[in-house]
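Reviewing the structure listed below.
What follows draws every value from the coordinates through simple rules; no lab data is involved. The shown structure was predicted, so the numbers you read here are calculated from the model rather than taken from an experiment. No Cβ is skipped: glycine too gets one built from the backbone with ideal geometry, and neighbour counts run over all protein chains shown.
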Amino acid sequence: MPRHHPNVVSNAAAERNKAPILDVLQRVLPRTGTVLEIASGTGQHVVYFARALPELVWQPSDSDGRALAWIESLVDASALANARMPLRFDVHEQPWPVPGADAVVCINMIHISPWTATEALFRGVAGVLGETAPLVLYGPYRREGRHTAPSNEAFDANLKARNAEWGVRDLDDVAAEAGKYGFVLDEVVEMPANNLTVVFRRG
């Protein structure tokens, strides 16, 4: 039975996008196994997905201490047997402290981090995923050097004003980086609010 916990927080964007993301995950994830979520934030996604996909074990993670506390609280409150307590690690730290995974999910990270985090993401994923396991990313992207909507262009400017190393990435650049580690872009799914869910697999 779910337990109440005073440290549980809620992010409105995560509440809006969790169902559309789940629709994609239900198609592309393996039926069983362990899913590693990178940059789990508040933990809303991982608990929602764990409840909807009970045959998968969900391993959240984050590098931020405050986020880890939020995730721990939400996982504890959910009382879900297939949602693990979060791991503390930064994608830049190689090798990652996980022996392997059957899928990796990363939501809204690569535009709110330096490009080195995207490089490290693919390097780390290459070390934990098997031959057919998917890497699923979600967030805003440019396509062929152009923003997909004026709102994304404004968001990109806001990100860069906050940190010059942040910004909405071009999907071609992300795919090129993935290719260095043997991954190919397998699927692109248009999502609400001008975002994309993209699926990479080993080529």
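Output the DSSP H helices from the chain with an along-axis C-alpha extent of no less than 15 Å and a mean Kyte-Doolittle hydropathy no less than 0.0.
65-78, 115-128
What does the charge add up to near GLY182, with Lys and Arg as +1, Asp and Glu as -1, over the other residues with Cβ less than 14 Å from its Cβ? Intermediate values should be presented prior to the final figure.
On the way: positive: ARG123, LYS180, ARG201, ARG202; negative: GLU131, GLU177, ASP186.
Summing Lys/Arg as +1 and Asp/Glu as -1 gives +1.
Taking a virtual spin label 7 Å from the Cα of GLU93 along the C-beta vector, which residues in segment 106-149 bring their backbone nitrogen under 13 Å of it?
none
Enumerate the amide H contacts of SER113 below 5 Å, restricted to partners 5 or more residues apart or on another chain; note that Pro and chain-start residues carry no placed amide H.
Correct list: GLY167.
Tell me, what is the percent relative contact order of the chain, built from C-alpha pairs under 8 Å that lie six or more residues apart?
It comes to 19 percent, rounded to a whole number.
Where Rh is the Kirkwood radius over the Cα pairs of segment 12-202, the temperature 37 °C and the viscosity 0.692 mPa s, what D in µm²/s does Stokes-Einstein return?
Estimated via Stokes-Einstein, D reaches 197 µm²/s.
For segment 28-57 and segment 156-203, what is the centre-to-centre distance using only Cα atoms, to the nearest Å?
Distance between centres, Cα-based: 20 Å.
For a quick check of your reading of the filter: which trypsin sites (Lys or Arg not before Pro) in segment 14-123 sit in a DSSP loop and have no more than 10 other Cβ atoms within 10 Å?
Values: sites: ARG16, LYS18, ARG27, ARG31, ARG51, ARG66, ARG84, ARG88, ARG123; in loops: ARG31, ARG84.
Those satisfying the criteria are ARG31.
Assigning unit charges at the beta carbon (Lys, Arg +1; Asp, Glu -1) and nothing else, what dipole magnitude in debye, to the nearest 20, does segment 116-176 show about its Cα centre?
Its charge dipole is roughly 180 debye.
Summing -39500 (n - 2.57) over the DSSP H runs of n ≥ 4 in the chain and dividing by its residue number, what mean residue ellipticity at 222 nm do you reach, to the nearest 500 deg cm²/dmol?
On the way: 6 runs with 76 residues, N = 203.
When only DSSP H runs of four or more count, the value is -12000 deg cm²/dmol.
Excluding the sites themselves, what is the longest stretch of the chain that contains no GluC sites (Glu not before Pro) in a DSSP loop with at most 16 other C-beta atoms within 10 Å?
That gives 1-54 as the longest site-free run.
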